[in-house]
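Have a look at the structure below before the remarks.
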Amino acid sequence: MGRSRRTIPEELLLLALDPATGTTAQPQSLDLGLAGAQLVELALAGRIAPDGDRIAVVMPRPTGDPTLDSALELLRRRGSPVRAVHWIGGPRLGLRQIYLAHLERCGMVHAVAGQMCGVLPTTRYQATDTAISREIRARLDSAIRTGVPPDPRTAALAALAHAVGLGKHLYPGNEGRSSRSRLRDLIRHDPMGGLVAHAVMDVQNGVAAQPRRDRAPAPPPARATAGSIPLQPRRTGAMARAAAH
């Protein structure tokens with residue numbers, strides 16, 4: 001995969017980066033969103049494909065992107081399709097810091113060291129080229145404003161931005177309410193983006209139950225077997241009187 005195209009995880013992180021504070025919005029849910037964004041990027045690269053609510057590896061060949069290839073290898077080792085909600089909610093937290101370091105190596109952001117309360121060391125990140133962030137934002141704005149179905153990458157980015165709660169960061173206040181609503185609606189334009197976005201929201205809501213088709217069927221009525229006590233039919237009043245005579 002060439003570096004001429006930014007990946008969806010990179011774009012999601014750049015969207016979340018606050019240029020004023022150098023911090024990221026929604027840091028807790030952003031790790032989940034980045035895990036989902038990796039799945040979308042791998043699907044667009046033809047390495048994985050949805051299988052119902054599961055993710056299956058269809059081509060294990062590396063993409064050339066170390067962070068994506070690490071996720072692809074973990075999926076390959078599973079050996080069988082994995083539910084998106086289980087993958088995204090798995091123990092891979094820390095993706096935000098991994099991708100911030102990745103963006104720094106790629107020259108998209110630079111780290112600024114500082115201190116909190118004059119004691120605790122902190123690190124802020126500033127975009128080195130604000131035109132990149134503006135271009136990403138303009139794609140979302142255009143999809144929201146025009147109502148024209150966006151390309152799969154933009155649709156998936158919008159779905160993930162909504163899933164991690166970036167709507168209020170990108171379109172704040174009452175004046176941004178309609179834009180936030182349309183951002184949410186873009187989720188329907190990309191099946192893979194929609195799948196992972198819903199999985200991100202399910203993890204945040206604590207929803208990890210098996211889908212209905214995976215649930216065990218209700219046990220059949222008990223049957224009398226040799227050595228067992230047969231079930232007696234429920235007696236009506238007439239049957240009880242007849243038995244008494």
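The values are calculated or read from the model by the stated rules, or taken from the named source; none is laboratory data. On a predicted model such as this, the values are computed, not experimentally measured, just so you know. Here Cβ is always computed from backbone atoms with ideal geometry, including for glycine, and neighbour counts include all displayed protein chains. Each accessible area value is taken on the protein alone, full model and side chains, heavy atoms only, with ligands, DNA and RNA left out. Shrake-Rupley method; radii C 1.70, N 1.55, O 1.52, S 1.80 Å.
Side notes on the structure shown:
- Once the Cβ-Cβ distance of CYS106 and ASN174 is raised to the sixth power relative to R0 = 51 Å, the FRET efficiency obtained is 0.85.
- Count Lys and Arg as plus one, Asp and Glu as minus one, and take only other residues whose Cβ is under 13 Å from that of LEU160; the net charge is then -3.
- Residues in the stretch 1-158 average 48 Å² of solvent-accessible surface per residue, probe 1.4 Å, ligands and nucleic acids excluded.
- Relative contact order (%) - criterion: Cα under 8 Å, at least six apart; region: the stretch 16-136: 23
- Taking the inverse of the mean reciprocal distance over all distinct Cα pairs, the Kirkwood hydrodynamic radius of the stretch 59-110 comes to 12.5 Å.
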